[in-house]
Amino acid sequence: MDWIKSKKLILASQSPRRKELLAQAGFEFEIRIANIDEENYPSELKLEDLPAYLAEAKASKISDNQLDMNSLVLAADSLVFYKGEVYSKPTDRLDACRILNALSGRTHTVITGICLKGEGFTDIASVYTEVTFDTIHQMEIEYYVDHYLPYDKAGAYGIQDWLGLCKVKSINGSYSNIMGLPMETIYPMLKLRMDTEKY
């Protein structure tokens, strides 16, 4: 497993959940924040391709700063989709309640776009997970929003906190994808680019 430390890994994210997942998988990395305009994207872009587009934009912003050949940049972006609508991070309490009311009792899709950039290559992937909520009553929605403040989470919820524990009926796909970093996809991507033994 020495390959895990063979290259300098940069995580282009300030998400504490992504940081935790990558660290739990044994990787050492530094964090650099890539601030991009997430509202400005090509009008012809398919909505389901938006997370990967944003992830690549984040990785490119970091890698454009003349990284050395021994560095890799990993970026990710997660969005929630339901019936053709995209749910990003809520803007305020009212918006968070609106989003959770829309998702209550229904199945939505979490899509995380991943981009890994290094010297001479750009690897991109999109990972889909279906999440089905039980009915979330208004008093529960307000309790959740007021106590867990999900303003930094796409879809206005965290799978690892109260709503995920008490109101998720089923998950079809990757659990870590819902947290923002699908490690079962990212691990082999990193191994391919970091493992100089190629075994």
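The values are calculated or read from the model by the stated rules, or taken from the named source; none is laboratory data. None of these values were measured; they are calculated from a predicted model. Glycine gets a Cβ as well: all are built from the backbone with ideal geometry, and neighbour counts include every protein chain shown. Calculation scope for accessible area: heavy atoms of the full protein, side chains included, ligands and nucleic acids excluded. Shrake-Rupley method; radii C 1.70, N 1.55, O 1.52, S 1.80 Å.
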Whole-angstrom gap from segment 156-174 to segment 37-67, using each part's C-alpha centre: 27 Å
Candidate aspartates and glutamates for bridging to Lys191, where Cα separation is under 16 Å - those fewer than 8 sequence places away on the same chain excluded: Asp2, Glu28, Glu119, Asp123
Extension reserve of the Leu165-Thr135 stretch, reckoned as 0.36 nm per residue once the Cα distance is removed: 9.4 nm
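What do the square roots of 5 times the Cα gyration tensor eigenvalues come to for the chain, in whole Å, largest first, as semi-axes of the equivalent ellipsoid? List each step's numbers first, then the result.
On the way: eigenvalues 197, 63, 42 Å².
Equivalent ellipsoid of the chain: 31, 18, 15 Å, largest first.
How large a share of the accessible area of segment 1-130, in percent, is made up of carbon and sulfur atoms when the probe is 1.4 Å and the other protein chains stay in place? Mind showing how you got there, number by number?
Numbers: 3020 of 6670 Å².
Summing carbon and sulfur atoms, their accessible area is 45 percent of the total for segment 1-130.
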Solvent-accessible area per residue for the chain (1.4 angstrom probe, square angstrom): 51 Å²
Cα-only Debye scattering, segment 45-103: base-10 log of I(q)/I(0) at q = 0.15, 0.18, 0.22 Å⁻¹: -0.60, -0.73, -0.88
Projected label distance in nm at Ala25 and Lys5, using a 7 Å step from Cα toward the beta-carbon: 1.9 nm
